[in-house]
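Following: one structure in structure tokens, then a few remarks.
Bear in mind these aren't lab numbers, they're just calculated from the coordinates by the rules spelled out. Just so you know, these numbers come straight off a predicted model, no measurement behind them. Please note: Cβ atoms are built from the backbone with ideal geometry, for glycine as well, and neighbour counts cover all protein chains shown.
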Amino acid sequence: MRTFRTMLKNEMKLSIRDMNMIIFAICIPLAVLIILGIIYGNKPAYEGAEYTFLEQSFGALTTISICAGGVMGLPLVISDYRNRKILKHFKVTPVSPAMILAVQVVIYTIYSVVSLILLYVVSVIFFGFHLNGSIPVFLGGYLLVMLSIFSIGMMIGGIAPNSQTASVIASLLYFPMLIFSGATLPYEVMPNALQKIADILPLTQGIKLLKAAALGLPLDNVFVPIAVMAVLAAVCIGVSIRFFKWE
Amino acid sequence: MNEIISVKQFSKSYGGLTAVQDLDLSVMQGTVFGLLGENGAGKSTTIECILGTRIPDTGTISIMGMNPFQQRKQLFENVGVQFQEANYQDKVTVSELCEVTQSLYKKAADYRELLKQFGISEKAKSTVKELSGGQRQKLFIVLALIPQPKVVFLDELTTGLDAKARREVWKILSNLKEKGLTIFLTSHFMDEVEALCDTICILKKGKTVFYGTVKEAVESSPYKNFEDAYLWYSDEETSENENV
């Protein structure tokens, strides 16, 4: 536990000094929220809808920081440590790969949770937001999205041969997910064909789950996305630890 | 005396190129072992295979009777390592790096004490990047000593240090040796090897060309001083050696 606490404290300091995650995981989601809030205000999501546009988008906005941390931050920091031979040095100490990965996962969890809280507070205070659904269901969905996205990041970070590869894979996953899953561009305003493509992204499934939870809509077809994301997480985490590359 | 490091019939090649061939070595507790040779002679490959960061092709290797692959966690509680290449995060400070290193071990030394001993305690708040080459080298030796190891591996021990600093480091290491620490080092400075090493092994193109004490190395060469003898052993011309 002492190892974990010390590593977490130091890695968190380094991450904050780096500023990237402050921008991508904390500031960007807030900026998108404020822009959407100013443009759409308290307008209903569509003609005759019982909830506002912002209420509909809230779930999606909360996943921006999960993506930034899980798909960009996590794999890049680990592959950078591999490049710099920091992992090689860890290999000749008693520390385990699971510990190294866990420290980073907790760091990006902290960013995500801070972002979630900030988004919630700002939307409630400035844009009259109200979470219609059940808070436990929303948080459960949020945790599941975090688990599946972070596990993808762990896998890329754990086994990518070098920073360049990790960075390419991360970008290939990050930008389409960010743009097409409804995290920034609302799913509802996309043309039908684009929606179909977006549907195959794991994040899109997660956002649907969060949206239903936030709006208190019936959760009929959620079993499939839950199962898919849980299996994905288990496989990715298993692979990242079993095939962890120190060098 | 206990055998701390044992290497038997170890070979390693990279894509057909032999890096190390049929190496045998044995390091006893409380002694200093020097692995010498030109760049590319196979020193780093040997260290990395002993530590398990590379996989040997053939041969058996053990440290304190443990296999560096299968008993990694247990073994590295008692082993300190300083690699040739620097490895630290971009903006990390000296004290942060020491603190994390300290937290990895069950019974670590107080790093502040070690920094003081090596004369770099006033640099604790600086980033590692800001240190001079010599200060950084000292820091890496400190990091290798933080676990209070039974055996320490120092690759290119005092590269980048000035004459005075090198003497200071020798003195600290000699004191630790007195207390039973086993030291495995590589170095390009023959005065250092003479001052510290009980046993040396000179590698040339991956093969052992001399194994024994510094005194023996000089005696079985045509030269009077060790540096000349070393150059003679590690020299390119093999035919010359065979004539003697």
For a footprinting-style exposure proxy, rank A:H89, B:H188, A:H130 by other Cβ within 10 Å, fewest first. A:H130, B:H188, A:H89
The exposure ranking of B:C49, B:C197, A:C27, fewest beta-carbon neighbours within 10 Å first, is A:C27, B:C197, B:C49
Compute the distance in nm between two label points, each set 7 Å from the Cα along the Cα-to-Cβ direction, one at A:I35 and one at B:D24. 7.2
Would you mind ranking A:K13, A:K91 by Cβ crowding within 10 Å, fewest neighbours first? A:K13, A:K91
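Restricting to chain B, compute how many DSSP beta bridges are antiparallel as a %, nearest 5. Don't jump to the answer; show the numbers that get you there.
Working: 20 of 38 bridges.
Antiparallel: roughly 55 percent of the beta bridges in chain B.
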Kindly flag which residue pairs out of B:K43/B:K116; A:K91/B:K106; A:K88/B:K91 have an alpha-carbon separation exceeding 23 Å in this structure. B:K43/B:K116
Region B:86-148 - charge dipole about Cα centre, Lys and Arg +1 at Cβ, Asp and Glu -1, debye rounded to 20: 80
Order by protection proxy (mean Cβ within 10 Å, highest first), peptides B:172-182, B:7-17, B:27-37: B:27-37, B:172-182, B:7-17
Label-reachable residues, region B:161-199, where backbone N falls under 13 Å from a point 7 Å from B:L131's Cα toward its Cβ: B:161
Per-residue HN-Hα couplings for region B:44-53, Karplus 6.51 cos²θ - 1.76 cosθ + 1.60 at θ = phi - 60°, whole Hz, x for Gly and Pro? 5, 4, 4, 4, 5, 6, 4, 7, x, 7
Cut-off under 25 Å on the C-alpha distance; same-chain residues fewer than 8 positions from A:K208 excluded. Which lysines are left, in chain and number order? A:K43, A:K196
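Using per-residue counts of other Cβ atoms within 10 Å, averaged over each peptide, order B:125-131, A:145-151, B:100-106 from highest down. Could the numbers behind the result be given before it?
On the way: B:125-131: 14.6, A:145-151: 25.0, B:100-106: 19.4.
Sorting B:125-131, A:145-151, B:100-106 by mean packing, highest first, produces A:145-151, B:100-106, B:125-131.
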Which one, A:P136, A:G59, A:G73, projects farthest toward the positive side of the charge dipole computed for chain A from Cβ point charges (K/R +1, D/E -1)? A:G73
Towards the positive end of the charge dipole of region A:138-246, with charges on Cβ (+1 Lys, Arg; -1 Asp, Glu), say which of A:M190, A:F223, A:A213 has the farthest Cα. A:F223
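How big is the dipole moment of region A:2-242 about its Cα centre under a simple scheme where the beta carbon of each Lys and Arg is +1, that of each Asp and Glu is -1, and everything else is neutral? Debye, nearest 20, please.
On the way: 15 positive and 9 negative charges, 255 e Å.
Here the size comes out at about 1220 debye.
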Highest average packing first - B:40-46, B:223-229, B:51-57, Cβ atoms within 10 Å: B:40-46, B:51-57, B:223-229
Past the 29 Å Cα-Cα mark, which pairs from B:K179/B:K205; A:K85/B:K107; B:K171/B:K205? B:K179/B:K205; B:K171/B:K205
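First check a/c for region A:2-242, with a ≥ b ≥ c the square roots of the eigenvalues of its C-alpha gyration tensor; if it is under 1.5, answer rounded, and if not, answer prolate when a/b is larger than b/c or oblate otherwise.
Values: a/c = 2.06, a/b = 1.76, b/c = 1.17.
Prolate.
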